[in-house]
Structure formats: C-alpha cells, structure tokens
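Heads up, the thing below is written out as structure tokens.
The values are calculated or read from the model by the stated rules, or taken from the named source; none is laboratory data. Nothing here was measured: the structure is a model prediction, and the numbers come from that model. Every residue, glycine as well, gets a Cβ built from its backbone with ideal geometry; the counts of neighbours run over all protein chains shown. In case anyone asks, the SASA skips ligands and DNA or RNA and just uses the protein heavy atoms, side chains included. Shrake-Rupley method; radii C 1.70, N 1.55, O 1.52, S 1.80 Å.
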Amino acid sequence: MTYMKNIAILGSTGSIGVNTLDVIRALDGRYRVVALAADSNIKLLAEQSRRFRPSVVSIGSQTRLIEARRAVPSKTKVLFGPDGLLEIVKRPDIDMVVFAISGTACLAPLVSAITHKKEVALANKESLVSAGGILMPLARRHGVTIIPIDSEHSAIFQCLHGARARPSRILLTASGGPLRSIPKTKFDRLSRDFILRHPKWSMGKKISVDSATMMNKGLEIIEACHLFNVNEKMIDVVIHPEAVMHSMVEFVDGSVLGEMSNPDMRLPIQYALTYPERQPSAVKSVDFYRLRHLSFERPDNRKFPCLGLARQAMRSGGVSPAILNAADEESVRQYLDGRIRFSKIPEIIGKVLSRQKRCLCKAPALADIFKAEAWAKEEARVLCYR
Ligand code: NAD
Ligand code: MG
C-alpha cells in the first residue's frame, strides 16, 4: 500500500479515538488525519490537533466555540454540534471515517458518510442496533463496506474474509465483564468504580456499564445479525474469561474458525484501517505456553436479563432494537449520574420495551427510528424518577 488515506475520526478523545490515533502514528505516514471530532474535551482535542494538524475539527456544542478556536492551531477550522459532524463526513478530501462516538449521535453522520461513499470503520455499535435494517442495504446500494472495529465483529469479519460459504453458526465470545463471578444479590452494593473497572478491556464509561449488565453482548448480537446477515438464533454467546479468542464462526461441515490475539483494541482498529491488507503492529503475540488453557462457559441469562431483552427486541423487529438501545443509553446515563441503582438498568429497559405500542411498521424509516428513540429515552427518564 503506497497511497495515503485521508481519515476523519469522530470521537477522537475517547478510548477508541485515542487508540486510533496511536495506530495511525505507528503506521507511519500512510494515513493523514484530516478531521477530528469530540464532545467537550477541548484540551485533548487541541493537543491532538497540534500533533496531527487536521484541516477541521468539530466539538459537541457552540457554547465552547471561542475556547476551542483559541486552543487549536489557527489554520484548523472549528465546527460544532450535529451539523459539524455532517459537514465533516461529506468533505471530498476524506476517504475513510472512523465512527468512535458512543451512543445514538453517530447515526445521522453514518448515513451521510455512506451516501457520500466514504469507507466506514465502525466502532459505534448503537447505530447498527437502531438502524441496521436501513444502514446495511444503504451501504450495499452505495458499494460501501462497513468494516467493524468492535473486536468480536472484527474477528468474525476476518474469519469470513474470502470464505466461499456462509456461516451456519456464530459464536460470539464475551469475557463476562466485572460481575461474572459476583452473585446478583450483591450488584447494588458495588461502587460505580468497581462496575466501570472491566477485567480485560479499558473502555469508555457507557460501554463499561453495558459490559457489566451484559447489554454490551446483547447489542453485539444485534450488531452481528446486521453485519453478517444472520438470524439471531444462529448466534450463541460463549463466556470466555481469558478474552484471547475474539469470536468464532462455524460452517455447515462443522469446521470452526476463530481469531485470537491478546485483548488490545489497536488490533481491530488497525485491521479496519489497513483492510484488506495487514501491517505489522505493536500488539504483543499471544504466549500460549504461559496461557496454557482457554475456558468457555454458557452465559447466565437469569443473572443478566439484558441478553434476553436484546434477543426479544431483535425478534420483534421494527423499531424495537432502537427502543432497547435508547432505553439502555438513558438508563446508563442516569446510573452514571447517580440517580438509579445498577439493577434498575435492565428493569427499566424491560419496562420500556413492554410499553411500546405494537409496531405495525416492520421496515421503519429513519424518522420512525429517531421518533422511537426519543420516546424510549423519555419513558426511561420517567421511570428513573419514579
Ligand atoms: P468514549 O466515551 O471513551 O469516547 C466517546 C467519544 O465520542 C469521545 O471522544 C467524546 O468526546 C465523543 N463524543 C460523544 N458525544 C459526542 C457528540 N455528540 N459529538 C461529537 N463527539 C462526541 O467511548 P469509547 O469507549 O471510545 O466507545 C466509542 C464507541 O465504540 C461506542 O459506541 C462503543 O460501544 C464502541 N466500542 C468501544 C470499544 C472500546 O474498547 N472502548 C470496543 C468496542 C466498541
Ligand atoms: Mg465488543
């Protein structure tokens, strides 16, 4: 690969964003950062701008525009809000957009990036959960490959690369999160710091809470259904605490292919950037002599009801996954703000799902999804204050 790829990173100050810049730095001159976007960490965004010299940056809201303009190099244009993200993704000087914003804010820019035929490296799973039924056909129509960054989906994507047969089963691995060996009765006594401390991955707050409730795996089931065009019944969740096997695919003849590496997000990020090629990386090789064994367990669906809720939403179809996702986003936010107990999160999501009117439209448009998300967030908010 000799040409230079021009990249935009939406969510550059978060866990995935910072790792993406690390990967770009290590790939040494092959990738040019043209645009960065973040919410409110102006200090880090300015540092990144001084280091990578993007043509444009965008911040979450207009309130800090003057501060941001002062902080970034004078030649860097500063945009803000949802329109700032939309302006970035359609720029003709951008080849690839890395979607590393957490939550539902990615959806509109993702649609725009696809229609502008940008290469898409997707960390944000929430957009696929809410609107996979719209995004995947749209990407096919525009000839855009959505390259997953989520480690499990990157593993599956790698296993299926060049495969002449479709998988008969997907084995989605999960480390089990911080609560795997803690009884459910103790969940509400654990501190927020404990909930946020994942045993294997260091991640943003929203996904860390999702890992503790296992809604992260629930969302990933839906993400995999859309990315790989498989039915929810074809996906088994396998608890694998060592987090070395990142997921597996089984074919009709019973052969199982998996992708293994030390748990380090720089690897799936780099694969998304260099796909379909591979480049050397800073990730350490797996030491199988030290590791000695890998273990696999069945998930405890009663202890972690979010897994069942996600499957139920996927089976219901229509706007149900968007409702699940939005109710999760709102209740996690309320938990992080200290307003609700941990065990309320699945309870609220279950209640919001059960209150949704029977969805007659099986193939919702984007406007229906935005409406359903707004409704679900409001319902969840009301339940949090009860
Ligand atoms: P994070 O909270 O660490 O970072 C989020 C980033 O998005 C920050 O830069 C923040 O400033 C920015 N942001 C938030 N709202 C914004 C807005 N409205 N406009 C512009 N920027 C905004 O989150 P993360 O852990 O990096 O996760 C990002 C996404 O990647 C999530 O969807 C998550 O599910 C997915 N993901 C993360 C990991 C991981 O290891 N962290 C692994 C797999 C998938
Ligand atoms: Mg994952």
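Out of (1) in contact with a helix residue (DSSP H, G or I) (Cβ under 8 Å, 6 or more places away or on another chain); (2) buried (at least 17 other Cβ atoms within 10 Å of the Cβ); (3) assigned to a helix (DSSP H, G or I), the odd one out for Asp368 is which?
Against the list (1) in contact with a helix residue (DSSP H, G or I) (Cβ under 8 Å, 6 or more places away or on another chain); (2) buried (at least 17 other Cβ atoms within 10 Å of the Cβ); (3) assigned to a helix (DSSP H, G or I), Asp368 comes up short only on (1).
What do you reckon, is Ala123 closer than 21 Å to Arg298 by Cβ and of a type in the set (Gly, Ala, Ser)? Working first, answer last.
Details: closer than 21 Å to Arg298 by Cβ: no; of a type in the set (Gly, Ala, Ser): yes.
Here the answer is no, as Ala123 does not meet what is asked.
Quick one: which helices (runs of 4 or more DSSP H) lie wholly within segment 192-235 and hold at least 3 residues that are open to solvent by 50 Å² or more (accessible area, probe 1.4 Å), more than 9 Å from ligand 1 (Cβ to nearest atom) and not β-branched (Val, Ile, Thr)?
Numbers: elements: 192-196, 205-213, 215-228.
Once the helices (runs of 4 or more DSSP H) in segment 192-235 are filtered for at least 3 residues that are open to solvent by 50 Å² or more (accessible area, probe 1.4 Å), more than 9 Å from ligand 1 (Cβ to nearest atom) and not β-branched (Val, Ile, Thr), what remains is 192-196.
Hey, among Lys75, Lys117, which residue is away from ligand 2 (no atom under 16 Å from the Cβ) and at positive phi?
Result of the check over Lys75, Lys117: Lys117.
Would you check if there is a residue in segment 159-176 being open to solvent by 20 Å² or more (accessible area, probe 1.4 Å), more than 13 Å from ligand 2 (Cβ to nearest atom) and touching a helix residue (DSSP H, G or I) at 6+ places or on another chain (Cβ under 6 Å)?
yes
Of all residues in segment 135-158, which are farther than 30 Å from Val244 by Cβ and under 17 Å from the mean Cα position of the chain (by Cα)? So that I can check it myself, show each step before the final result.
As a first pass, look at segment 135-158 and keep what is farther than 30 Å from Val244 by Cβ: 135, 137-144.
Answer for segment 135-158, where residues must be farther than 30 Å from Val244 by Cβ and under 17 Å from the mean Cα position of the chain (by Cα): just Leu135.
Any idea how many residues of segment 20-47 are within 22 Å of the chain's Cα centre (by Cα) and in a helix (DSSP H, G or I)?
Looking only at that region, the number is 7.
Looking at segment 154-164, which of the residues that are outside any helix (DSSP H, G or I) and of a type outside the set (A, V, I, L, M, F, W, C) is nearest to Cys225 (Cα to Cα)?
Looking at the filtered set, the residue picked out is His161.
Would you please name the residue that is farthest from ligand 2 (Cβ to nearest atom), looking only at residues in segment 180-209 that are in contact with a helix residue (DSSP H, G or I) (Cβ under 7 Å, 6 or more places away or on another chain) and without any contact (Cβ under 8 Å) to a residue 40 or more places away in the chain?
Only one residue fits best here, namely Leu196.
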